[in-house]
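**Q** First the structure, then my questions, so here it is.
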Number of protein chains: 2
Amino acid sequence: MAELLQGKPVSDEIARNIESRVAALHELGVCPTLALVRVGDRPDDVAYERAVIKQAEALGVRTHQVTLAAGAAEDQVVRFIKAINADVDIHGCLLFRPLPPHLDEERVCNALAATKDVDGITSASLARVFIGSGLGFPPSTADACLKVLDYYGVPLEGARVVVVGRSLVVGRPLAMMLLARHATVTLCHSRTSDVAAVTREADVAVFASGRPKHFGAEYVRPGQVIVDVGINFDAAGVMCGDVDDAAVEPIVRAITPVPGGVGTVTTAMTLLHTVEAAEVAAREQMDIAIERLM
Amino acid sequence: MAELLQGKPVSDEIARNIESRVAALHELGVCPTLALVRVGDRPDDVAYERAVIKQAEALGVRTHQVTLAAGAAEDQVVRFIKAINADVDIHGCLLFRPLPPHLDEERVCNALAATKDVDGITSASLARVFIGSGLGFPPSTADACLKVLDYYGVPLEGARVVVVGRSLVVGRPLAMMLLARHATVTLCHSRTSDVAAVTREADVAVFASGRPKHFGAEYVRPGQVIVDVGINFDAAGVMCGDVDDAAVEPIVRAITPVPGGVGTVTTAMTLLHTVEAAEVAAREQMDIAIERLM
């Protein structure tokens, strides 16, 4: 039976890291603060927001809620995001997506300053992931996948890693991050002719295509590490991943469970990015203060 | 023996396309113009510059040479590029690289306006390739590879394409462009443990790692299409690609020769991008003029 790569010990380790860095920031009089921007009242946004606030509070990260009506005009949403950019007491911003369909998501996302883009939604952040330089943060889910693999000591350099799914939230940025770690990376997607043949070649296979329990025994082989990024609900309303775990677990070496895997680590990554953004801002403030003294 | 996928008929086709579009622009009183920025006098830069000027002139594209001393200060180079940005009569800019080592290449490149970045050297252009939206143009060499494959009718959708080399000039952007064409893409590089095993799996293998005649018979199999992006010189000073063509040609279905392959198409792509940039600028000028009339 596969080893289950639980997310809890990973997010616990990140939480300890956050706590000690938050303590240092508090001593400087800085309270790392994350703005949560929600347009409308979609139940899953509200539930996710509640979970982020709870975890942030437990770690000493302040949250600042901005809630707009589902019918809010695009210029209004952009104005609120620009106010967050201008507010020196806010270090990061999490925008709940998808936005209502009348809003141009790309325009709204790109209104956010890259330095506060702790979930990698701006073109600048994505460019940084692709190019390897610039401002911003990687998407938290992609970063969470990497953190889980690192925590469990899965070697990436020279490994063959196959990523199924090419979204800008996980697949494409994760492929670039794995490449930067010197993995040999293959991107599969809905037009790939024989996905199973490709994923069976992998040392590490990442499933991030949002198809509930779609990937069964034929997609894997013994010895593999499987990362299941899917967060879906089956016909009975029970949360499940992209992988048919009952079929896959008897075969592979290790797999991240759903729930309890990558998803558990994503919020911790957003908070870690917020702390990093607060540290950068605090350093800049100190540099300005020192310059004034001299 | 492999079919040789010659670049000449591809660049001829692009040239015809450019000529008819240049004629239309001339009728509007617009002369598409490409600035050539060279810092220092490296012989290969000078030779490439001469080739670009010759091809541009033949197609009715004007060139504008900016030549700076090898020791030019970074701020001076940046000032010249900003002057190009501000000049409405210049539509594209080609910067010869690598720059002398005292210059911060990333800063100099990013001084260029994305709308005039006809060789994909700015972060904005690369972000567009990665994200699929925004301003700028793909790197001309990567675009040339795609044009050659299209000209010879090589199917990409669902095909397994392996790219060897992860530079920002070819490998990484080309991988993203192939992905956008629905290929299943694998990126190999110097840390890949068994490159030959990976490239043998490909329907189309692209070699872009800059190692003269490095890839021999063991890297290929019958039926494959090989794209050789390398422009190297062997011990005898003769131009050669990354592929050992004497070993590979008897095995594969088709291969781009060096010289006479992808390299032949690159300059044509830069000129095509320049014409596209001039068309966009002309449309904007017309929109402004129409607005003033109303």
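The values are calculated or read from the model by the stated rules, or taken from the named source; none is laboratory data. Remember, predicted model here, so these are calculated numbers, not experimental data. Every residue, glycine among them, receives a Cβ derived from its backbone with ideal geometry; neighbour counts consider all protein chains shown.
**Q** Within the range B:115-130, is even one residue in contact (Cβ under 8 Å) with a residue 12 or more places away in the chain and on the phi > 0 side of the Ramachandran plot?
**A** Scanning the range B:115-130 turns up at least one residue that is in contact (Cβ under 8 Å) with a residue 12 or more places away in the chain and on the phi > 0 side of the Ramachandran plot.
**Q** Now a separate question. Select, from A:Glu49, A:Glu19, the only residue that is surrounded by fewer than 16 Cβ atoms within 10 Å (Cβ to Cβ) and either in contact with a Ser or Thr (Cβ under 7 Å, 6 or more places away or on another chain) or within 22 Å of A:Ser140 (Cα to Cα) (or both).
**A** A:Glu19
**Q** If you don't mind, another one. From the list B:Ala197, B:Ala175, which residue is under 19 Å from the mean Cα position of the chain (by Cα), more than 23 Å from B:Phe96 (Cβ to Cβ) and within 11 Å of chain A (Cβ to nearest Cβ)?
**A** Just a single option satisfies the conditions, and that option is B:Ala175.
**Q** Looking at B:Ala86, B:Ala111 in this structure, which one is without any contact (Cβ under 8 Å) to a residue 12 or more places away in the chain and either outside the structural domain of B:Val61 (by TED's automatic domain parsing) or small (Gly, Ala, Ser) (or both)?
**A** One residue alone meets the criteria, B:Ala86.
**Q** Hey, could you check the range A:153-163 for residues that are more than 9 Å from every other protein chain (Cβ to nearest Cβ) and not in a loop (DSSP other than H, G, I, E, B) and say which is farthest from A:Asp242 (Cα to Cα)?
**A** The residue in question is A:Val161.
**Q** Just checking, which of B:Ala254, B:Ala281 is surrounded by 15 or more Cβ atoms within 10 Å (Cβ to Cβ) and under 25 Å from B:Ala56 (Cα atoms)?
**A** Result: B:Ala281 is the single residue among B:Ala254, B:Ala281 that is surrounded by 15 or more Cβ atoms within 10 Å (Cβ to Cβ) and under 25 Å from B:Ala56 (Cα atoms).
**Q** Any chance the range B:201-212 includes a residue that's without any contact (Cβ under 8 Å) to a residue 24 or more places away in the chain and either within 14 Å of chain A (Cβ to nearest Cβ) or touching a helix residue (DSSP H, G or I) at 6+ places or on another chain (Cβ under 6 Å) (or both)?
**A** No, the range B:201-212 contains no residue that is without any contact (Cβ under 8 Å) to a residue 24 or more places away in the chain and either within 14 Å of chain A (Cβ to nearest Cβ) or touching a helix residue (DSSP H, G or I) at 6+ places or on another chain (Cβ under 6 Å) (or both).
**Q** Is there a residue being touching a His at 6+ places or on another chain (Cβ under 7 Å) and touching a residue at least 24 places away in the same chain (Cβ under 8 Å) anywhere in the range A:99-108?
**A** no
**Q** Regarding A:Val37, is this residue surrounded by 15 or more Cβ atoms within 10 Å (Cβ to Cβ), closer than 18 Å to A:Leu112 by Cβ and either without any contact (Cβ under 8 Å) to a residue 60 or more places away in the chain or among the hydroxyl-bearing types (Ser, Thr, Tyr) (or both)?
**A** yes
**Q** Can you confirm whether B:Asp228 is modelled with pLDDT of 95 or more, over 19 Å from B:Met1 (Cβ atoms) and not assigned by TED's automatic domain parsing to the domain that holds B:Lys54?
**A** No, not satisfied.
**Q** Which one is nearest to the other protein chains (Cβ to nearest Cβ) among residues in the range A:105-144 that are among the β-branched types (Val, Ile, Thr) and closer than 18 Å to B:Gly136 by Cβ?
**A** Ranking the candidates gives A:Ile131 first.
**Q** Further, regarding this structure: So, in the range B:115-137, of the ones that are assigned to a loop (DSSP other than H, G, I, E, B) and in contact with a Pro (Cβ under 7 Å, 6 or more places away or on another chain), which residue ends up nearest to B:Leu94 (Cα to Cα)?
**A** Applying the filter and picking the extreme gives B:Asp119.
**Q** Another question, if that's okay. What do you reckon, is B:Ser190 touching a residue at least 40 places away in the same chain (Cβ under 8 Å) and within 13 Å of chain A (Cβ to nearest Cβ)?
**A** In short, no.
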